[in-house]
Amino acid sequence: MKNKTTFSAADVHHIAQLANIPVTEAEEKKLETELGFIIDLVNQLQEVDTTGVEPTHQVTGQINVFREDEVDEERMLVQEEALRNAKNTHDGYFVVDAIFEEE
Amino acid sequence: MLLDKTIAELAKGLRNKEFTSVDLIEECYQTINQVNPKINAFITLIKKPDVLKIALQRDAQRTSSSSPLHGLPFILKDTYNTKGILTSAASHVLNGHISQYNATVYQKLLDAGAILIGKMNMDAWGHGATNENTDYKPVKNPYDTSRVAGGSSGGNAAAIAARMAVFGIGEDTGGSIRNPASWNNITGLKVTYGRVSRYGCIAYASSFDTVGPMGKTVEDCALVLETIAGKDPYDATNSPHPVPPYFEELLNISSKDTVIGLPKECFSEGLDLEIKKSTEVAAKELESLGFRIKEISMPMLTYGLAVYYLIAPSETSSNLGRYDGIRYGLGREYFTPETRRRIMVGTYALSAGYYDAYYKKAQQGRTLFIKEYEKAFTQCDVLLMPVTPHPPTRLGKAVDDPMQNLLIDVYTVTQNPVGVPSLALPCGFTATGLPIGMQLVGKMFTESLLFQVGHAYQQVTDWHKRKPNLIEAA
């Protein structure tokens, strides 16, 4: 079955970039069809008239849930614990990739 | 087997010293050693000597006022943080991730004296309906090991069916408790949104995610829910709604005053004929118990998958944005193809130029679902629906055809956007011996009513007592 919605290699590449997901060229090719199928499926919704319908974001029925602005020591991690799962640490800090490249 | 008993029976036996927690643990580990290699339900099995030590303590501590869950072995879907233990969400992205704190649901069960014996296989991040989207190899169905256990809480369901643990905690975003419950002949509850704290549960789609019990019977689920429900200051979406004594209330129902609605849209094209038949026979059984059965129409249900596969991927693309391999785990290149698709669909639906056409449209659709359910509940008190359109698929089938995979959730995706609770329970078997489940859906916070109807049904049927041949042979 052919999809009605089509994604080009460039589209897939762009979405992958926005999602920060590394994809190979072969994967990109597959995703062109797969994403098209899912978007075809969700496009059924376009048949539904939603004029004037308010969107629903959550169903808790609650508004403005507050708590005291106090430190909860039960939920604090000491530095050593906080860093324990990290692959790269330096002097008690997480090591992250550089965002700005050097000149 | 001791593990055939209900929680209430086990609690009584422990109190009367007919057997001990140590006996229960011994039996569980014996079954696990024999059966788990055939079905692959566990990601982490807690070391037996460590568990036995706790069981001995529990046996010594037990008093007449101990919780009914005291000393009982249980399992968690591997999506709950458990301090000092791997929490993987079945994804290599979380390789080596040792939790630094406890999820509230886990802490509540520890406080009740229950004993964690394992963390269970699942579809990675909750993304799937067959438990094949896992980096820990698929879970096999204990009723037919050439078939899937279902997902995403497949490890839980298979292990409970195979008597490896007394009960488990699953997580349901679009059917992840109910689908594997029905494919493994156990009972599972998707709670009202906010009924149980989500603190410490790895998020899939935050506005749909619910934490709920899985067990052999309705009354087991009632006892577990009583323990895990309630206000938690650590989860702002958690409800202050009072927690009723679900177990005590099990018999407080007048069947002749309760109307059960069958939405005709759920029984038409696309539903396996054996599942249709079993669900209709179950409706007749309920009718013979005095419940009033009424056919109703809910045309909006047709758009369930469309709304679900816009909102859930959108929320997951945001939730999974935090996994960068810096503070824990590995990098984003380790996401599976299924998870990549969901992240990318969500990213697309939320991106500039498409937001109104997709995400906003779906949120408006969500409002229409809420209205559709409100309308349905003016005509009946409880809805009866199938859980899945067909019995468990053969291993590999959904992997070969990932798009068909999405369609498995067709009957379970409309409750999560609305927030209403749904109880899945066994209602038959196919001619080839595969379990069939049905679901009872109610208004917000009517878990007690769902338990009452489900319990009444289980008092006169014995589907839920049928065990997989696999353990008979073991």
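The values are calculated or read from the model by the stated rules, or taken from the named source; none is laboratory data. Bear in mind that the values here come from a model prediction, so they are computed numbers and not experimental data. All Cβ positions, even for glycine, are placed from backbone atoms using ideal geometry, and neighbour counts span all protein chains on display. With ligands, DNA and RNA removed, areas are computed over all heavy atoms of the protein, side chains included. Shrake-Rupley method; radii C 1.70, N 1.55, O 1.52, S 1.80 Å.
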A:Gln17 at pLDDT 95 or above, open to solvent by 50 Å² or more (accessible area, probe 1.4 Å) and more than 9 Å from every other protein chain (Cβ to nearest Cβ):
yes
Of all residues in segment B:442-464 being more than 14 Å from chain A (Cβ to nearest Cβ), open to solvent by 50 Å² or more (accessible area, probe 1.4 Å) and in contact (Cβ under 8 Å) with a residue 24 or more places away in the chain, which is farthest from B:Lys284 (Cα to Cα)?
B:Trp463
If B:Ala283 satisfies all but one of (1) open to solvent by 20 Å² or more (accessible area, probe 1.4 Å); (2) over 23 Å from B:Asn416 (Cα atoms); (3) of a type in the set (Gly, Ala, Ser), what's the number of the condition it fails?
(1)
Check off (1) in contact with a helix residue (DSSP H, G or I) (Cβ under 6 Å, 6 or more places away or on another chain); (2) part of a loop (DSSP other than H, G, I, E, B) for A:Asp97 and give me the number that stays unchecked.
(1)
Leading residue by the ranking (most open to solvent (accessible area, probe 1.4 Å)) among those in segment A:1-13 that are part of a helix (DSSP H, G or I) and facing chain B (nearest Cβ under 9 Å):
A:Asp11
Segment B:357-413: helices (runs of 4 or more DSSP H) wholly inside it with 1 or more residues that are among the small types (Gly, Ala, Ser) are B:361-379, B:397-400
Within segment B:280-305, how many residues are part of a helix (DSSP H, G or I) and more than 21 Å from B:Val418 (Cβ to Cβ)?
9
Can you confirm whether A:Gln58 is part of a loop (DSSP other than H, G, I, E, B), open to solvent by 30 Å² or more (accessible area, probe 1.4 Å) and either facing chain B (nearest Cβ under 9 Å) or of a type in the set (D, E, K, R) (or both)?
yes
Of the residues that sit in segment B:93-141 and are open to solvent by less than 30 Å² (accessible area, probe 1.4 Å) and β-branched (Val, Ile, Thr), which one is farthest from B:Gly170 (Cα to Cα)?
B:Val93
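One line per residue, one yes/no per condition, for (1) aliphatic (A, V, I, L, M); (2) in contact with a Leu (Cβ under 8 Å, 6 or more places away or on another chain); (3) at pLDDT 95 or above:
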{"position": "B:Ile343", "(1), (2), (3)": "yes, yes, yes"}
{"position": "B:Ala352", "(1), (2), (3)": "yes, no, no"}
{"position": "B:Thr378", "(1), (2), (3)": "no, no, yes"}
{"position": "B:Asp381", "(1), (2), (3)": "no, yes, yes"}
{"position": "B:Gly396", "(1), (2), (3)": "no, no, no"}
{"position": "B:Asp401", "(1), (2), (3)": "no, no, no"}
{"position": "B:Leu406", "(1), (2), (3)": "yes, yes, no"}
{"position": "B:Gln415", "(1), (2), (3)": "no, no, yes"}
{"position": "B:Val420", "(1), (2), (3)": "yes, no, yes"}
With criteria (1) more than 10 Å from chain A (Cβ to nearest Cβ); (2) touching a helix residue (DSSP H, G or I) at 6+ places or on another chain (Cβ under 9 Å), B:Tyr309 comes up short on (1)
Taking segment B:428-441 and keeping only residues that are surrounded by fewer than 19 Cβ atoms within 10 Å (Cβ to Cβ) and of a type in the set (A, V, I, L, M), one is left with B:Ala431
Quick test of your reading of the structure: B:Leu301 fulfils all but one of (1) open to solvent by less than 50 Å² (accessible area, probe 1.4 Å); (2) away from every other protein chain (no Cβ under 14 Å). Name the failing condition by number.
(2)
Out of B:Ile253, B:Ile326, B:Ile260, I need the residue that is touching a strand residue (DSSP E or B) at 6+ places or on another chain (Cβ under 8 Å), β-branched (Val, Ile, Thr) and in a loop (DSSP other than H, G, I, E, B). Which one?
B:Ile326
Collect the residues in segment B:414-423 that are among the small types (Gly, Ala, Ser) and either assigned to a loop (DSSP other than H, G, I, E, B) or open to solvent by 10 Å² or more (accessible area, probe 1.4 Å) (or both), keeping them in residue-number order.
B:Gly419
So, first residue within 9 Å of another protein chain (Cβ to nearest Cβ) in segment B:345-359, second residue surrounded by fewer than 24 Cβ atoms within 10 Å (Cβ to Cβ) and not in a helix (DSSP H, G or I), Cβ within less than 7 Å, six or more apart or across chains; the pairs are B:Tyr348/B:Tyr354
Can you pull out every residue in segment A:77-89 that is surrounded by fewer than 10 Cβ atoms within 10 Å (Cβ to Cβ) and either in a loop (DSSP other than H, G, I, E, B) or more than 12 Å from chain B (Cβ to nearest Cβ) (or both)?
A:Val78
I'd like to check which strands (runs of 3 or more DSSP E) are fully inside segment B:31-128 and have at least 2 residues that are more than 17 Å from the chain's Cα centre (by Cα) and within 22 Å of B:Ile177 (Cβ to Cβ).
B:42-45, B:115-120
Just need a number here: residues in segment B:183-231 that are open to solvent by less than 10 Å² (accessible area, probe 1.4 Å), of a type in the set (A, V, I, L, M) and assigned to a loop (DSSP other than H, G, I, E, B).
3
Take segment B:1-30 and flag every residue that is in contact with a helix residue (DSSP H, G or I) (Cβ under 8 Å, 6 or more places away or on another chain), of a type outside the set (D, E, K, R) and not in a helix (DSSP H, G or I).
B:Met1, B:Thr6, B:Phe19, B:Thr20
Positions within segment B:1-26 being touching a residue at least 60 places away in the same chain (Cβ under 8 Å) and either of a type in the set (A, V, I, L, M, F, W, C) or open to solvent by 10 Å² or more (accessible area, probe 1.4 Å) (or both), in sequence order:
B:Met1, B:Leu3, B:Asp4, B:Thr6, B:Ile7, B:Ala8, B:Leu10, B:Ala11, B:Leu24, B:Ile25
So for segment A:25-38 (the condition being in a loop (DSSP other than H, G, I, E, B), without any contact (Cβ under 8 Å) to a residue 60 or more places away in the chain and within 8 Å of chain B (Cβ to nearest Cβ)), does at least one residue qualify?
no
Any residue at all in segment B:321-332 that's open to solvent by less than 10 Å² (accessible area, probe 1.4 Å), more than 8 Å from chain A (Cβ to nearest Cβ) and farther than 24 Å from B:Thr279 by Cβ?
no
